[in-house]
Amino acid sequence: MGNGIARIANIAIFASGAGSNASKIIEHFEQPEQSKLGKVTLIVSNKSSAGVLGIATQHQVQTLIIEKEKFFRGDGYVHELQEHYIDFIVLAGFLWKVPATIINAYPGRILNIHPALLPKYGGKGMYGGVVHAAVIAAGEKESGITIHLVDEQYDNGDIVLQAKCIVQEHDTPDSLAERIHFLEHLHYPKEVEDCLRKLLKAGV
Ligand code: GRF
């Protein structure tokens, strides 16, 4: 990837939480066919206690713990990402807004997943249980997931995939989260793969 170099793409996953999506994506690219295309080579986290770091260790993926000051006011760790030859970035439960330095260094190469049907229930502070509680409180009959490219605003870039599920009458944020996670695990790894294939085909 990059400059027409035909090699296996290095993927960095940015995550702040448990890392169930990160785990599925790592495993996806460990399969014989997908391993020819890409590999998760770095987990980036702003939380040194995040569950995702344990998953990285299990899969022998390198980790990078980032600090606020450098992320937002320095170069956004672009130098470190380049040192790791990162080609593509996947946000999977990453709570900080991605700074322009990274977006400019990785145009069209950063994906995010949001646990609702954007443009509704997105924006600053809308993550995890807060999103599901808002969906339930609004009496929505369906919710779902949105996978989108990342730009400089929260939950705003071009949508590449949405998938829906039913909101049941007695749903709690936890029971709805379970259904949403199922959809995320089903679609996110494949969507990362499809985006990589498109970039390769475009020769960028
Ligand atoms: C997911 O629901 C994702 O949509 C949101 O954060 C959650 C991360 O879950 N952005 P996990 O850490 O991958 O289990």
Return the residues of segment 47-58 that are in a loop (DSSP other than H, G, I, E, B) and without any contact (Cβ under 8 Å) to a residue 24 or more places away in the chain; say none if nothing qualifies. 48, 49
If I filter segment 155-165 for residues that are within 11 Å of the ligand (Cβ to nearest atom), part of a loop (DSSP other than H, G, I, E, B), more than 21 Å from residue 50 (Cα to Cα) and not aliphatic (A, V, I, L, M), do I get at least one hit? yes
Listed by range, helices (runs of 4 or more DSSP H) wholly within segment 59-143 having at least 3 residues that are of a type in the set (Val, Ile, Thr) and within 16 Å of the ligand (Cβ to nearest atom) are 128-137
Residue satisfying condition, being open to solvent by less than 40 Å² (accessible area, probe 1.4 Å) and touching a Leu at 6+ places or on another chain (Cβ under 8 Å), within set 78, 90, 131: 90
Has segment 189-202 got any residue that is under 24 Å from residue 28 (Cα atoms), modelled with pLDDT of 95 or more, part of a strand (DSSP E or B) and open to solvent by 20 Å² or more (accessible area, probe 1.4 Å)? no
Checking residue 95 against (1) open to solvent by 20 Å² or more (accessible area, probe 1.4 Å); (2) within 22 Å of residue 202 (Cβ to Cβ); (3) in contact with a Gly (Cβ under 9 Å, 6 or more places away or on another chain), the condition it does not meet: (2)
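The values are calculated or read from the model by the stated rules, or taken from the named source; none is laboratory data. Here the structure is a predicted model, which is why all the values come from computation and not from measurement. Don't worry about glycine lacking a Cβ; one is built from the backbone with ideal geometry, like all the others, and counts go over all protein chains shown. Side chains are part of the model used for accessible areas, which takes the heavy atoms of the whole protein and leaves out ligands, DNA and RNA. Shrake-Rupley method; radii C 1.70, N 1.55, O 1.52, S 1.80 Å.
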